[in-house]
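Undergrad: Structure incoming, see below.
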Amino acid sequence: MRLIRKKKLSIPIYMPERIIKYSEAIQEATDQMMGADPRVFIIGLGVSYPKGADGTTAGLKSTYPERVFDVSVSEHGFTGMAVGAAINGLHPIVHHGRVEFSLLAADQIFTQAAKWNYMFGGGHPVPIVFRINVGRQWGNGPQHTQALYALFGNVPGLKVVIPSSPKMAKGLLVSALKDKNPVVMLEPRWLFNIKQNVPVQLFSEPLDKAVIIKEGAEVTVVAYGDGLFSARESLALVGDTVDIELIDIVSINPIDYKTIFQSVKKTGRLLCVDTTNGAFNVGSEVIAQVARNKSIKLKSNPVALSCPNVPCPTSTALTEFFYPTKVDIANALLSTFKKPLINQTLSFEELHLAPTDTIQ
Amino acid sequence: MFLIRFTEQALVELYLKHKIMSFVHFYVGQEAVAVGVCNNLRKEDRVLGNHRSHGHYLAKGGDLRAMISELLGKEGGSSKGKGGSMHMIDTSVNFIGSTPILGSVVPLASGAAFEQKYNKRKDITAVFFGDGAFEEGVVYETLNLSALFALPLLFVVENNLYSVNSTLKERRSANHNVEKIVTGFGVTYLKADGNDYEDVFEKARMLTKGIRAGAGPAVLECMTYRHMAHSAPIFDDAAGYRQEDPLERRLERDPIKKVRRSLLESGIPENTLVTLEEKIRTSVAESIQCAVDAPYPKKETLYTNLYA
Ligand SMILES: Cc1ncc(C[n+]2csc(CCOP(=O)(O)OP(=O)(O)O)c2C)c(N)n1
Ligand SMILES: [Mg+2]
């Protein structure tokens, strides 16, 4: 048992410590929201399986037999059907097991759902959640690992969140299902087995607010998803040498610049971590906005870490060098401050197998 | 067929020993389809495949060692370790490529056939894909296009009754009729017993003959079973979803057993067959050893090959 202070209550109450996985947190949010709102249904390949959608829809078919739809391999068709159902009052969750599969439905997501309310002059909401898995795992290769985050950030009319922890996954999905707009939840596959203490009851996390994970005075680190996970790990490596402020950007559409600007004003330094290719990514957008802000005086050039501008290959001999690691992040920070670098080789497991750590 | 089966059996062992760091979709049980079709193709004919293409690749004559090296992520792999199991290629035998985005390879195959027609070649193209991929809209667009342009294209649908763990019943209405759909596009349709090499061979022979003669595209739907789990080196009967194709039925209709039986019946002595099988197993074992010993790609190659 652990003492947890509930936000709205003034008296502390006892809540059981409840550590669950990222995938379980998504499942729980879905289950609870389906219980609360009969308009919510879920559709996607294999979502009705006992351990459906990598565990994120496990058991839902037996709880809600009429509202969980396995479907033909027809992404454009079933995504469009869900968008149409949303326009007409339901609140679908559409699941795509890889971002590449969702591209077959790009028209429905980007050109139909995202535009509908605007192009008809308002008053025509499209309440829908696109849960889209972003691959990163050994052996997935060029066509199953594209980290196309920025693509979704680029389209006005979508709200785009990237949960970085089990708690965020639950809270953001709940918010997404209470929102009247198309919300894209980009889920880094790499994080599915990380664990955290997640409240049992329904709670929501704002869709448009960055979260300060750790306060600090000397440098602002902005990251999301699996990059944020590595950035968290790098904190321990850097220790007290550098006083880091770590920000989980959470939403890339819209981006919470208020939080970021405030932080960079204080620290005067900025490091962005992306787990996507270097060109046109979240970090480049954040750095551009910071650079344009006249009230921010940077003490050193902003730094961007990301993957190289090539597809992610399959062989682990090559993917070993693909994603920025906790050591890369730590060293980028240390070199900004001209401190001695860390020389640590990561094990095969650390490099290639998805983490199972429990985070705070 | 024996080569495909023995290779994958050896790969299962290797996979279980955790040496394969690449998604693997085993073809065990479906060998008669690839071989029955490809034995009607010439070297110049083209083949494209999907995520489950070890069999298509080997049946077209793809290099065994390069394939295994690719699965192991080695420098000498057919894609230098960049592709892995879901991306087979050997253009020296006109195996044009395979990709795991369902349906995507079908219009690409029509492009290969388009080129053949455009340049007045006498060759044809065959594309292998599953019953799941057959539900993607682009396949229907391509049926129409290929009929419109009278392309020399054979669509080979490997209907193993499942898309991952979803049965046909969960994905199609009871009135779904493939033959009516296909012929409605003006495309020829035949259905074969995909567990029976001779039936596949015979029907593929008829269709490829027509295609070569300029009759336009055709669909060959082969009813078959995938013996193993969707993408793991295991038999998943215990998981309980195999309602359509229980183990006994699969084993009884195993295409390898059937071919073996008819070879024996045709008068080939048992020991000749055993010697042949041993020879294949040895060559597979040698290729695996060779791939295991081969070097991994160098870091610099991460950045190469982006542009031609
Ligand atoms: C566009 C797309 N959607 C979903 C998937 C995920 N997926 C990979 S294989 C597969 C099953 C495909 O079934 P089928 O085409 O019948 O081939 P089989 O695996 O049975 O050989 C699915 C759904 C994918 N690879 N591509
Ligand atoms: Mg199938």
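Undergrad: Excluding the sites themselves, what is the longest stretch of chain B that contains no GluC sites (Glu not before Pro) in a DSSP loop with at most 13 other C-beta atoms within 10 Å? Before the final figure, lay out the partial values.
TA: Values: sites that count: B:Glu44, B:Glu244.
Excluding the exposed sites themselves, the longest stretch runs over B:45-243.
Undergrad: Count neighbours as other Cβ atoms within 10 Å of each site's Cβ, and list the GluC sites (Glu not before Pro) in region A:213-252 that are DSSP loop with at most 16 such neighbours.
TA: On the way: sites: A:Glu215, A:Glu218, A:Glu233, A:Glu245; in loops: A:Glu215, A:Glu218.
Of the GluC sites (Glu not before Pro), the ones in loops of region A:213-252 whose Cβ has at most 16 other Cβ atoms within 10 Å are A:Glu215.
Undergrad: So for chain B, what are the equivalent ellipsoid semi-axes in whole Å, largest first, each being the square root of 5 times an eigenvalue of the Cα gyration tensor? If you can, show how the numbers build up before the last one.
TA: Details: eigenvalues 162, 119, 83 Å².
Semi-axes (√(5λ), whole Å): 28, 24, 20.
Undergrad: Let me ask another. Taking only the Cα atoms of the protein assembly as shown, how large is their convex hull per residue, in Å³? If you can, show how the numbers build up before the last one.
TA: Working: hull volume 121.2 nm³, N = 668.
Cα convex hull per residue, to the nearest whole number: 181 Å³.
Undergrad: If you take the charge dipole of region B:159-270 about its Cα centre, with +1 on Lys and Arg Cβ and -1 on Asp and Glu Cβ, which of B:Ala232, B:Ser262, B:Thr183 is farthest toward its positive end?
TA: B:Thr183
Undergrad: Run through region A:280-360 and list the trypsin sites (Lys or Arg not before Pro) located in a DSSP loop whose Cβ has at most 15 other Cβ atoms within 10 Å. Working shown, then result.
TA: Details: sites: A:Arg292, A:Lys294, A:Lys297, A:Lys299, A:Lys326, A:Lys338; in loops: A:Lys294, A:Lys297, A:Lys299, A:Lys338.
When the trypsin sites (Lys or Arg not before Pro) of region A:280-360 are filtered for loop state and at most 15 Cβ neighbours within 10 Å, A:Lys294, A:Lys297, A:Lys299, A:Lys338 remain.
Undergrad: Per residue and in cubic angstrom, what volume does the convex hull of the Cα atoms of region A:19-197 have? Intermediate values should be presented prior to the final figure.
TA: Details: hull volume 18.7 nm³, N = 179.
That works out to 105 Å³ per residue.
Undergrad: Let me ask something else about it. So which residues in region A:128-156 end up with at least 20 square angstrom less accessible surface once the other protein chains are there, compared with the chain by itself, probe 1.4 angstrom?
TA: A:Trp138, A:Gly139, A:Asn140, A:Pro142, A:Gln143, A:His144
Undergrad: For a label point 7 Å from the Cα of B:Arg212 along Cα→C-beta, name the residues of region B:91-126 whose backbone N is under 15 Å from it.
TA: Only B:121-126 fall inside the zone, counting backbone N under 15 Å.
Undergrad: A:Met119 to B:Glu179: FRET efficiency via 1/(1 + (r/R0)^6), r the Cβ-Cβ distance, R0 45 Å, to the nearest 0.05? Write out the running numbers ahead of the final one.
TA: On the way: r = 42 Å, r/R0 = 0.93.
Using R0 = 45 Å, I get an efficiency of 0.60.
Undergrad: Given 37 °C and 0.692 mPa s, how large is the Stokes-Einstein diffusion coefficient of chain A in µm²/s, with Rh as the Kirkwood radius over Cα pairs? Intermediate results must be reported in sequence, preceding the final value.
TA: On the way: Rh = 21.0 Å.
In µm²/s, the coefficient rounds to 156.
Undergrad: Related question: If the reach is capped at under 18 angstrom between alpha carbons, list the lysines near A:Lys294, excluding any in the same chain fewer than eight residues apart.
TA: Partners found: A:Lys258, A:Lys265, A:Lys266.
Undergrad: A further question on this structure: Can you give the log10 of the normalised intensity I(q)/I(0) at q = 0.10, 0.17, 0.18, 0.20 Å⁻¹, computed with Debye over equal Cα scatterers of region A:211-352?
TA: -0.32, -0.91, -1.02, -1.23
Undergrad: Kindly provide the helix-only [θ] at 222 nm of the protein assembly as shown, computed as the sum of -39,500 (n - 2.57) over DSSP H runs of four or more divided by all residues, to the nearest 500 deg cm²/dmol? Walk me through the numbers before you get to the answer.
TA: Working: 24 runs with 243 residues, N = 668.
Theoretical 222 nm ellipticity from helices: -10500 deg cm²/dmol.
Undergrad: Counting only heavy atoms of the protein chains, get the accessible area per residue of the protein assembly as shown (1.4 Å probe) and round it to a whole Å² value.
TA: Working: 27890 Å² over 668 residues.
Ligands and nucleic acids excluded, the result is 42 Å² per residue.
Undergrad: May I ask you to give the percent of accessible area on region A:19-197 that is carbon plus sulfur, with a probe radius of 1.4 Å?
TA: On the way: 3290 of 5790 Å².
About 57 percent, which is the carbon plus sulfur part of the accessible surface.
Undergrad: To the nearest 0.05, what FRET efficiency results for A:Ile212 and B:Arg42 with a Förster distance of 60 Å applied to their C-beta separation?
TA: Numbers: r = 66 Å, r/R0 = 1.10.
Plugging the Cβ-Cβ distance into 1/(1 + (r/R0)^6) gives 0.35.
Undergrad: Plugging the Kirkwood radius over Cα pairs into Stokes-Einstein for region A:125-178, at a temperature of 4 °C and a viscosity of 1.567 mPa s, what D comes out in µm²/s? Each step should come with its number before you reach the end.
TA: Values: Rh = 12.9 Å.
After rounding, the answer is 100 µm²/s.
Undergrad: Here's another thing I want to ask about it. Give me the number: length gained by fully extending B:Glu198 to B:Lys17, i.e. 0.36 nm times residue separation minus the C-alpha to C-alpha distance, one decimal in nm.
TA: Length difference between fully extended and current span is 61.6 nm.
Undergrad: Further question: For B:Arg249 and A:Gln289, FRET efficiency with R0 = 60 Å and r from the beta-carbon atoms, rounded to 0.05?
TA: Values: r = 62 Å, r/R0 = 1.03.
Here the calculated transfer efficiency is 0.45.
Undergrad: May I pose another question? For region B:178-308, how many pairs of lysine residues have a Cα-Cα distance under 30 Å, where the two are 8 or more positions apart or belong to different chains?
TA: So the count of such lysine pairs works out to 13.
Undergrad: Hey, rough spin-label estimate for B:Glu277 and B:Arg205, points 7 angstrom out along Cα→Cβ, what's it come to in nanometres?
TA: Reported label-point gap for B:Glu277 and B:Arg205 is 2.6 nm.
Undergrad: Considering only DSSP states other than H, G, I, E and B, which GluC sites (Glu not before Pro) in region A:14-105 qualify as loop sites with at most 12 other Cβ atoms within 10 Å?
TA: Working: sites: A:Glu17, A:Glu24, A:Glu28, A:Glu66, A:Glu75, A:Glu100; in loops: A:Glu17, A:Glu66.
The qualifying sites are A:Glu17, A:Glu66.
Undergrad: For A:Lys209, what charge total do you get from the other residues with a beta carbon under 13 Å from its beta carbon, if Lys and Arg give +1 and Asp and Glu give -1? Please list the in-between numbers first.
TA: Values: positive: A:Lys159, A:Lys258; negative: A:Glu205, A:Asp208, A:Asp248, A:Asp256.
Here the count lands on -2.
Undergrad: Just the number, please: buried accessible area between A and B, total of both chains, 1.4 angstrom probe, nearest 100 square angstrom. Intermediate results must be reported in sequence, preceding the final value.
TA: Values: alone 16110 and 14410 Å², together 27890 Å².
Buried surface at the A/B interface: approximately 2600 Å².
Undergrad: How big is the dipole moment of region A:19-197 about its Cα centre under a simple scheme where the beta carbon of each Lys and Arg is +1, that of each Asp and Glu is -1, and everything else is neutral? Debye, nearest 20, please.
TA: On the way: 16 positive and 12 negative charges, 72 e Å.
So the magnitude is around 340 debye.
Undergrad: Once the dipole of region A:281-338 is set up with Lys and Arg at +1 and Asp and Glu at -1 on Cβ about the Cα centre, which of A:Ser295, A:Ser335, A:Leu318 lies farthest towards its positive end?
TA: Projecting each Cα onto the dipole axis, the largest value belongs to A:Ser295.
The values are calculated or read from the model by the stated rules, or taken from the named source; none is laboratory data. In this text, all values refer to a predicted model and were calculated from it rather than measured experimentally. All Cβ positions, glycine included, derive from the backbone under ideal geometry; neighbour counts span all protein chains shown. Just the protein is used for accessible areas: all its heavy atoms, side chains included, with ligands, DNA and RNA removed. Shrake-Rupley method; radii C 1.70, N 1.55, O 1.52, S 1.80 Å.
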